[in-house]
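This report refers to the structure that appears directly beneath it.
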Amino acid sequence: MGSMHLGLEEESDGFDKLADFYVERVRGGVGLIVTGGISPNRRGVLGPNGARMQSMRHAKKHQAVTKAVHQEGGRILMQILHGGRYSYHPFNVAPSALKAPINRFKPRALSERGVARTIDDFVNAANLAQKAGYDGVEIMGSEGYLINQFLVASTNTRKDKYGGSFENRMRFPVEIIRRIRELLGNDFVIMYRLSMMDLVADGSSWDEVVELAQAIEKAGANIINTGIGWHEARVPTIATLVPRGGFTFVTKRLMGSVSIPLVTTNRLNMPGLCEEVLEEGCADLISMARPFLADPELVLKAKSNRTDEINTCIGCNQACLDQIFKQQVASCLVNPRAAHESNWPMHARAERPQKIAVVGAGPAGLSAATELARTGHQVTLYEKGIQIGGQFNMAKQIPGKEEFHETLRYFNKQLELLGVNVQLNVEVGAGELLGYDEVVLATGVRPRAWNVPGQDKDSRVISYIDVLMGHVKLGDTIAIIGAGGIGFDVAEYLLHDARRNFYDTWGIDTKFKQRGGLRASENIISTRTVHMLQRSTKKMGSGLGKTTGWIHRMGLRKAGVLMHTGVSYQSLTSEGLCYNQDGMERILAADNYVICVGQESFHPLAEDLEMMGKTAHLIGGARNASRLDAQRAIKEGLEMAYSLL
Ligand code: FAD
Ligand code: NAP
Ligand code: SF4
């Protein structure tokens, strides 16, 4: 299981929670765990309260984790990560005083003594990790952190023995590995995470990657793990639009250059795919991280030929990385129990099983129905559509969101296994619900109306639902009204026929002719002209996910989508949409105006039931449409089920 910082590392009782999290994964079949990054000193922490391993006091806290993992027969390495110029505080340090484009704090350049002390701190952290009971360490040498900053000439302009030639620039990581091996002997695993493709201009060349890998092996590392892309790179590396296994070719290129095992990573989320990657000789080992947030039992299920039961990571980043960037504990959109195991124990059972109706089979209803059945209730799930999924049936149509199919496959299988009585194509009325002990309303939302004079009888005006469900034939010039999550997705959908290739669009040099594996990117060619409009003057898409919003914005710009902010809609006439922008009257003539102006709660049954003396539980969009997303919908289904234990 690859390294994931969960945010528990900094909580007062976080190590007990971490132990619960890791133990569930060991029981689920994970072979080797790598912890989230722990800094070797105060300057290397990523945020002001970041976790460190600098004293026995720190080491003792980790013992709760190592003991619990070993008791279950697991193995665990502690990752040592120094943020360098990515550390988000005013005391950060780096090889040279050059500010990172993604950090407002400029680092101080380490003196030569400072470099030597930092190497000592890495060695000390590894020594303490051994005392804390870890089986070894992973040295974080990728994603653009301190070690990368030493390796690359554009971030290392030093004139001493740690700068200049590549031999000097790689002295820092090589010394760290050599000294740890020397101190801790051969019975301690050292894994090195090597940035094999930096994806930044002037990053490492392929020859340097090979030279470093060989030097790291010689210095005493047992395993080399793959890192792809610095955090400041403007190339997606793990988001859902990255093809599955899209970077395994990089690890494959290094196979044979060293004799220690190589690990490959990035967008590997299902066991069949991992088998193919191994069979193709891309690597010796596979590392998955987020897929173990989504399903702690992934390995067990794979081993027992139950892959159709796996809750697949959809690569959305919404509940894991985005939450970490908001200084919150990570979790998972499709599995809200992740990193919160003790809140919702896996084997909890209801004291008094009841007969329960769940109305609506969108994410909220699916989560509620399966969790209620898992905890022992007898559940009937009503859905007025012909299939389960609610809005996920639209989301899965969006290019780059195909993984949503997996979530629906997972829920379909769980409904079957748990014996939920699924009634499709049934728009249930309040009277039919009176016989149940409890009623859960998960009836979702309906689109908000767009009230602009002239729009009501105009056939050019259509809802996002008609577009995404393929109910309408569209013209060549489209104006999207509203630029929230759905407006962006509709724009992607309208460009779905466009000519594009992931590697060309994002300028990834698969032949590695250029430093950093980066080359000029190509624009997406579309025959459609797409406009997006919003009233707010903020940057378009500012409400999208922290770690993925930039990808959506850049992707649409590359496709030539025209973005209009600060718009005031006036009317719709035969000439087009009349609007005001920057004090000027303008007209936008389009073949279609697709309305994506948000959503409102939809729960007509609640009042009917109330009048009949029955109070229902409202979850997901039915409870509140404001800031609704699938993460909240699924979590509310789980919470509701556990409230009825
Ligand atoms: P819904 O999904 O709306 O489900 C409600 C269900 O109830 C429907 O199936 C409906 O048919 C049924 N129903 C209603 N009335 C009755 C009745 N009387 N009897 C029986 N059945 C009834 N969210 C994210 O977090 N990440 C994303 O990337 C994302 N992308 C999206 C892309 C698109 C194009 C869309 C449209 C949405 C996207 N969302 C995304 C939003 C997410 O899908 C919603 O937040 C989520 O579906 C809300 O879940 P829900 O169960 O509350 O409601
Ligand atoms: P949304 O994100 O709230 O966006 C609504 C858009 O409509 C905004 O751009 C808003 O901008 C505009 N708007 C609001 N009221 C309007 C009005 N009366 N007239 C004209 N314009 C108006 O809602 P959504 O796009 O429908 O998405 C629904 C939910 O699904 C969201 O909560 C979202 O998080 C979730 N979702 C998430 C993703 C994802 O990738 N994470 C993808 C799709 C959906 P102005 O007010 O500035 O015009
Ligand atoms: Fe995967 Fe999304 Fe869950 Fe993160 S939140 S682990 S990306 S499914």
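The values are calculated or read from the model by the stated rules, or taken from the named source; none is laboratory data. As the structure is a prediction and not an experimental result, all values here were calculated from the model. Glycine gets a Cβ as well: all are built from the backbone with ideal geometry, and neighbour counts include every protein chain shown. Remember, those area values only see protein heavy atoms, side chains included, never the ligands or the DNA or RNA. Shrake-Rupley method; radii C 1.70, N 1.55, O 1.52, S 1.80 Å.
Points to keep in mind about this one:
- Projecting the Cα atoms of N343, Q354, V69 onto the charge dipole of the chain, computed from C-beta unit charges around the Cα centre, puts V69 farthest toward the positive end.
- For segment 8-325: relative contact order, % (alpha-carbon pairs under 8 angstrom, 6 or more apart): 13
- Cβ-defined net charge surrounding S331, 10 Å radius [Lys, Arg +1; Asp, Glu -1]: +2
- Per-peptide packing, taken as the mean over residues of other Cβ atoms within 10 Å, places 565-574, 135-144, 164-173, 590-599 in the sequence 135-144, 590-599, 164-173, 565-574 from highest down.
- According to the Cα-based calculation, Rg over Rh for segment 502-645 is 1.13, with Rh computed by the Kirkwood formula.
- The alpha carbon centroids of segment 226-273 and segment 296-313 are separated by 21 Å.
- Kirkwood-Stokes translational diffusion coefficient of segment 572-645, alpha-carbon pairs, 20 °C, 1.002 mPa s, µm²/s: 132
- Cα-Cα pairs of segment 8-325 separated by more than 36 Å (percent): 12
- Kirkwood Rh in Å, taken over segment 422-475 so that all alpha-carbon pairs contribute: 15.1
- Summing Lys and Arg as +1 and Asp and Glu as -1 over all other residues whose Cβ lies under 14 Å from the Cβ of V594 gives a net charge of -2.
- Measuring how big segment 52-121 is from its alpha-carbon positions, Rg and Dmax come out at 16.3, 46 Å.
- Across the options P107, L415, V334, the greatest Cα extent toward the positive end of the charge dipole of the chain (unit charges at beta carbon of Lys, Arg, Asp, Glu) belongs to P107.
- With N the number of residues in segment 445-492, Rg(Cα) / (2.2 N^0.38 Å) evaluates to 1.14.
- Residues whose amide H comes within less than 5 Å of that of N592, counting only those at least five positions distant or on another chain, are G475, T477, A479 (H built at 1.01 Å from N in the peptide plane).
- Dipole magnitude for the chain: about 2060 debye, using +1 per Lys or Arg Cβ and -1 per Asp or Glu Cβ, origin at the Cα centre.
- Derived scalar couplings between HN and Hα for segment 191-205 equal 9, 10, 8, 9, 6, 7, 8, 6, 6, 10, 4, 6, x, 5, 7 Hz in order, rounded to whole Hz, by the Karplus curve 6.51 cos²θ - 1.76 cosθ + 1.60 (θ = phi - 60°), x for Gly and Pro.
- A 1.4 Å probe run over the protein chains yields, for the chain, 42 Å² of accessible area per residue, whole-number rounding.
- Of interest is the spacing of the C-alpha centroids, which for segment 111-158 and segment 316-384 amounts to 40 Å.
- Mean projection of the Cα convex hull over all viewing directions, computed for the chain: 30.4 nm².
- At q = 0.15, 0.22, 0.32 Å⁻¹, base-10 log of I(q)/I(0) for segment 393-436 (Debye sum, equal scatterers on each alpha carbon): -0.59, -0.85, -1.03
- Dipole check for segment 8-325: with +1 at the C-beta of Lys and Arg, -1 at the C-beta of Asp and Glu, and the Cα centre as origin, the magnitude is about 1160 Debye.
- Relative contact order [Cα under 8 Å, 6+ residues apart], the chain, whole percent: 12
- Computed over protein heavy atoms with a 1.4 Å probe, the carbon and sulfur contribution to the accessible area of the chain reaches 48%.
- Each Cα pair under 8 Å and six or more residues apart adds its separation to the average, and for segment 461-597 the resulting relative contact order is 35 percent.
- For V567, the amide hydrogen comes within under 5 Å of the amide hydrogens of Q534, R535, S536, counting only partners 5 or more places away or on other chains and with H modelled in the peptide plane.
- Radius 15 Å from Cβ of M554, net charge of other residues (Lys, Arg +1; Asp, Glu -1): +3
- In terms of the mean number of neighbouring beta-carbon atoms within 10 Å, the peptides 11-21, 427-437 order highest first as 11-21, 427-437.
- Sequence ranges 388-395, 61-68, ranked by mean other-Cβ count within 10 angstrom, highest first: 388-395, 61-68
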